[in-house]
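To start, the structure itself, in structure tokens.
The values are calculated or read from the model by the stated rules, or taken from the named source; none is laboratory data. What you are looking at is a predicted structure, and each value in this text was computed from that prediction instead of being measured. Please note: Cβ atoms are built from the backbone with ideal geometry, for glycine as well, and neighbour counts cover all protein chains shown.
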Amino acid sequence: MNKNMTRTEYQQLVLQLNEHAYHYYVLDEPVIADQEYDALYQELLRLESAHPEWVVSNSPTQRVADQPLDKFHPVKHALPMLSLGNVFSEDELFDFNQRITKFLEKSAVDVSEVVFCAEPKLDGLAVSIRYEQGKLVQAATRGDGSTGEDITANVKTIQSVPLTLRGDDYPQILEVRGEVVMPRDGFQRYNQWALKHDEKVFANPRNGAAGSLRQLDPRKTAQRPLAFYAYSIGLVQPEHNQQNHSDILTWLKKLGLPVNHLTEVVNGVTGCQQYYQKIAALRDGLNFDIDGVVYKVNDLQLQTVLGFVTKAPRWATAHKFPAEEATTVVENIEVQVGRTGSITPVARLKPVSVGGVTVTNATLHNEDEIRRKDVRVGDTVFVRRAGDVIPEVVKVVQAKRPAQSQPFEMPTNCPVCQSELHRIEGEAVLRCPAGLTCDAQLKESIKHFASRKGMDIEGLGDKLVEQLVDAGLVKTPADLFHLTETQVAGLERMAQKSAQNLLAGIEQSKQTTLPRFIYSLGIREVGEATAITLSNHLYTLETIMSAKHEALILLPDVGDVVASRIQQYFENEGNVVVINELIAAGIGWPEIAQKSVEELPLAGKTVVLTGTLTTLKRTEAKQKLLDLGARVTGSVSANTDLLVAGENAGSKLAKAEQLNVQIVDEDWLLAQ
């Protein structure tokens, strides 16, 4: 850039960076790459360093205050920040709607069906942000609804919160209400960083958001990955002219404030039920925690008629999901040996319902985690479950700890083969070094080898694998292909017919694909997507086995660690012997045709995936698109060429329809 930039050009650069932030955080349609933004930001820093007298309050550099606060000061809300009532079932939702319609009837308002604005109930911290003449002047927590705490300096550090409102059509005073959350990916990154630097980790994203906003030093808050979503307004002067709640959200978005993209207008109880089910299905794949959905009567005049009950509006409610956290008692702690020798402590729990599922076990992850959380037998603990993720112990209720409890000590020897356990430098887990000579590792390896994503051996379930290993009939995956009918029929609960079925399944599995075979080997860090990448870029097993680290790291999504794992696996003579025995047993696959990038059907196309797929996992679908030459992105924009839409596709599908983007389904993708 020109180092002799004028003051006017500096001000234009500020506006340019703020415009890019609007496209990134509000529209979810970035128009420049991150590194281009960073270059512009660095130029801004250089100019402000050279010309401090030029600095304006809406510059992106002015988000972080230099000095920590001594305390948080109270802030009285101009209009109260009210709480919401809750419903927990369809019957209660029906009753909520009935109360509304009956109240309107008594008020002589004729409404055949109530229209609601529905949105996810974000699990974060409610805040109110006040703008005067378009500039952010104050931010406060909800507090008791009437008085909160001044967190202006901290909220200013949140990149998605505009320091000045967009355009010039804004009121003199505008109070925006919304939720500050810590996105799930940011939560994971922060906790990984905290563990490395001996900092406190957060139990969940909500605690992360709340703890970050209560830092007296805004510079610390600035280091936390926070996001903001507006969901309503408080005081507005002069009065706005919006007719519906959904209109308010559209207006806020035009002013530069982020609004949750999953917000929809729905009709009556049926529309609410359908929305609830849709969001529940999407919940596990979202990048933010939610604990339900919120329904608000959309018509603002009807809201006024309905009014309030004590401290809650009569026209809104939260439809809560089943709790994903619960308390229970640790009855025992055991360790499990994984496929790669990892030693995982597991809490055996007094049965408890979490998220509608009865939980009896929860992972304690590794030695460091069990020490950090200090989980002991007899402790009362919080258990968390999210979707299909293995339940985990979040924290101990120290006040309920038994007087004679003792810290748990990890074993020094493998509980299965008695080999001395080792901890590799840089890793958090203890490992048994015995490999396939450890029955626990052998069983898990055979289960992985025969799994649906691997060799897909029909009839070979977990219990049968354990029987085969315990009987000494299987010591490597290759032994499966030398089993006899007599050997199998002699096992407990097996007979001639079931033995014949198993051997037929083993025989049928010999015709497979190279990606399935690579996955079935159980190489550490190599999942389905990486197996597909290796196969589609190196084409043959021989090439994969001989590939060196420097060649592997050039492949998409193969980093330094994964490349090292792959090379180490194929340099192990024992692994090579087993592979050769498997090939000799008759395992084979179709040759992979080599194609140039230009020949790929989706070469140069930008594709977005959305919704729930029924056959492919998301990683499989993404990898297939990559293999077809596509560039896969997360949001729909004018640059999107194709949208692959599964079930419960939401706002991305609607946006694609608006932009006339070609829309295809999973069947289309499978046929490519």
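With a requirement of 1 or more residues that are among the acidic types (Asp, Glu), the helices (runs of 4 or more DSSP H) lying completely within segment 121-217 that satisfy it span 184-196.
Return yes or no: is Phe288 out of contact with any strand residue (DSSP E or B) (no Cβ under 9 Å at 6 or more places or on another chain) and touching a residue at least 60 places away in the same chain (Cβ under 8 Å)? Taking the combined requirement at face value, the residue does not satisfy it. Within segment 139-153, being touching a residue at least 24 places away in the same chain (Cβ under 8 Å) and closer than 22 Å to Val14 by Cβ holds for one residue alone: Ala153.
Comparison of Gly522, Gly505 shows that the only residue that is of a type outside the set (A, V, I, L, M), assigned to a helix (DSSP H, G or I) and either modelled with pLDDT under 95 or under 11 Å from Met455 (Cβ atoms) (or both) is Gly505.
Are there any strands (runs of 3 or more DSSP E) wholly within segment 319-403 with 3 or more residues that are under 30 Å from Ser445 (Cα atoms) and modelled with pLDDT of 90 or more, and if so which?
Output list reads 325-337, 342-354, 357-363.
When Tyr569 is tested against the conditions (1) under 25 Å from the mean Cα position of the chain (by Cα); (2) among the hydroxyl-bearing types (Ser, Thr, Tyr); (3) in the same structural domain as Leu521 (by TED's automatic domain parsing), the lone failure is (1).
Would you check if there is a residue in segment 267-275 being under 22 Å from Ser83 (Cα atoms), more than 19 Å from the chain's Cα centre (by Cα) and in a loop (DSSP other than H, G, I, E, B)? Checked against the condition, which is being under 22 Å from Ser83 (Cα atoms), more than 19 Å from the chain's Cα centre (by Cα) and in a loop (DSSP other than H, G, I, E, B), segment 267-275 yields no hits at all. Just to verify a result, which residue in segment 423-443, among those that are surrounded by 15 or more Cβ atoms within 10 Å (Cβ to Cβ) and free of Cβ contacts under 8 Å to residues at least 40 places away in the same chain, is nearest to Gln467 (Cα to Cα)? Applying the filter and picking the extreme gives Lys443. Restricting segment 611-641 to residues that are closer than 18 Å to Arg283 by Cβ and not β-branched (Val, Ile, Thr), the residue that is surrounded by the fewest Cβ atoms within 10 Å (Cβ to Cβ) is Gly634. Considered as a group, the residues in segment 546-574 that are of a type in the set (D, E, K, R) and not in a helix (DSSP H, G or I) include one that is modelled with the lowest pLDDT, and that residue is Asp557.
Can you tell me which residues in segment 601-641 are part of a loop (DSSP other than H, G, I, E, B) and either out of contact with any Leu (no Cβ under 9 Å at 6 or more places or on another chain) or assigned by TED's automatic domain parsing to the domain that holds Lys278 (or both)?
Start the filter on segment 601-641 by keeping residues that are part of a loop (DSSP other than H, G, I, E, B), which leaves 601-605, 611, 613-617, 628-630, 634-641.
Within segment 601-641, Gly604, Thr614, Lys617, Asn639 qualify.
Restricting to segment 171-201, name every residue that is aromatic (Phe, Trp, Tyr) and either surrounded by fewer than 19 Cβ atoms within 10 Å (Cβ to Cβ) or not assigned by TED's automatic domain parsing to the domain that holds Leu226 (or both). Answer for segment 171-201, where residues must be aromatic (Phe, Trp, Tyr) and either surrounded by fewer than 19 Cβ atoms within 10 Å (Cβ to Cβ) or not assigned by TED's automatic domain parsing to the domain that holds Leu226 (or both): just Trp193.
Scoring Gln418 on the criteria (1) within 32 Å of the chain's Cα centre (by Cα); (2) more than 17 Å from Ile333 (Cβ to Cβ) leaves a single failure, condition (1).
Report the residue count in segment 484-502 for those that are part of a loop (DSSP other than H, G, I, E, B) and not acidic (Asp, Glu).
Of the residues in segment 484-502, the ones part of a loop (DSSP other than H, G, I, E, B) are 484, 490-495.
Pick out the ones that are also not acidic (Asp, Glu) and you get 484, 490-491, 493-495.
Selection size over segment 484-502: 6.
Looking only at segment 642-669, residues that are touching a residue at least 12 places away in the same chain (Cβ under 8 Å), closer than 20 Å to Gly285 by Cβ and in a helix (DSSP H, G or I) come to 7 in all.
Taking Gly145 and the conditions (1) buried (at least 17 other Cβ atoms within 10 Å of the Cβ); (2) at positive phi, which numbered condition does it fall short on, given that it satisfies the others? So Gly145 meets the others, but not (1). Beta carbons closer than 8 Å, at least 6 apart along the sequence or on distinct chains, never pair a first residue in segment 177-200 that is on the phi > 0 side of the Ramachandran plot with a second that is loosely packed, with under 12 Cβ neighbours inside 10 Å.
When you look at Leu286, is it more than 25 Å from Pro322 (Cα to Cα) and surrounded by fewer than 22 Cβ atoms within 10 Å (Cβ to Cβ), yes or no?
On the way: more than 25 Å from Pro322 (Cα to Cα): no; surrounded by fewer than 22 Cβ atoms within 10 Å (Cβ to Cβ): yes.
No: the conditions fail for Leu286.
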